[in-house]
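Engineer: One structure, pasted below without further comment.
The values are calculated or read from the model by the stated rules, or taken from the named source; none is laboratory data. Computed from a prediction, not measured in an experiment: that's the story for all the values here. We place every Cβ from the backbone using ideal geometry, glycine too, and count neighbours over all the protein chains shown.
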Amino acid sequence: MSPLRRIASAPLAVALLLCAQTVVASDCYPCGPENLPPAIKRMIPQEFHGADFRPACRRHDRCYGAPGANKCACDLRFLKDLNSACNCSEHPVACRAVSCLYFVSVKVGGRNAFNRAQGH
């Protein structure tokens, strides 16, 4: 491949890499605000000592996006799902403390995400 051709293909490679990172961040790192850059999103814990929070986060996102959803009901279900995941943790009491932090985060800071998901 000629040097000129390599230079011309570099932006495409960068675009594909960024796209792949975005897909990885949304699929593998569903917990946390969707508008975070992938590198920051990867810093948000997706599990806690054997408890996998990802299914609860995905379900919570789907709940927010359901037509006519009730934010309070979605958030309470999220807490229940997180606490259920904590049953698999090596440290269930500490895990439930973490799940409370996640719950408070969406309760206090999730209004904009809910409104966007509802199309408001």
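Engineer: Among the residues of the stretch 104-120, is any hydrophobic (A, V, I, L, M, F, W, C), out of contact with any Ser or Thr (no Cβ under 9 Å at 6 or more places or on another chain), without any contact (Cβ under 8 Å) to a residue 60 or more places away in the chain and surrounded by fewer than 12 Cβ atoms within 10 Å (Cβ to Cβ)?
Structural biologist: Yes, that holds for at least one residue.
Engineer: Any chance the stretch 27-35 includes a residue that's of a type in the set (Asp, Glu) and under 18 Å from Gln118 (Cα atoms)?
Structural biologist: Within the stretch 27-35, one or more residues are of a type in the set (Asp, Glu) and under 18 Å from Gln118 (Cα atoms).
Engineer: Mind checking which pairs have a first residue in the stretch 30-54 that is of a type in the set (A, V, I, L, M) and a second that is loosely packed, with under 13 Cβ neighbours inside 10 Å, Cβ under 8 Å, 6 or more apart or different chains?
Structural biologist: Sorted first by the residue in the stretch 30-54, then by its partner, the pairs are Ala51/Asn87.
Engineer: Among the residues of the stretch 61-72, are any in contact with a helix residue (DSSP H, G or I) (Cβ under 6 Å, 6 or more places away or on another chain), modelled with pLDDT of 95 or more and over 30 Å from His120 (Cβ atoms)?
Structural biologist: Scanning the stretch 61-72 turns up no residue that is in contact with a helix residue (DSSP H, G or I) (Cβ under 6 Å, 6 or more places away or on another chain), modelled with pLDDT of 95 or more and over 30 Å from His120 (Cβ atoms).
Engineer: Follow-up question, since we're still on this one. Could you tell me which residue of the stretch 58-85 is nearest to Arg116 (Cα to Cα), considering only residues that are touching a residue at least 40 places away in the same chain (Cβ under 8 Å) and hydrophobic (A, V, I, L, M, F, W, C)?
Structural biologist: Here the answer is Ala69.
Engineer: Do we have any residue at all in the stretch 77-93 that's in a helix (DSSP H, G or I) and touching a His at 6+ places or on another chain (Cβ under 6 Å)?
Structural biologist: Scanning the stretch 77-93, I find at least one residue that is in a helix (DSSP H, G or I) and touching a His at 6+ places or on another chain (Cβ under 6 Å), so the answer is yes.
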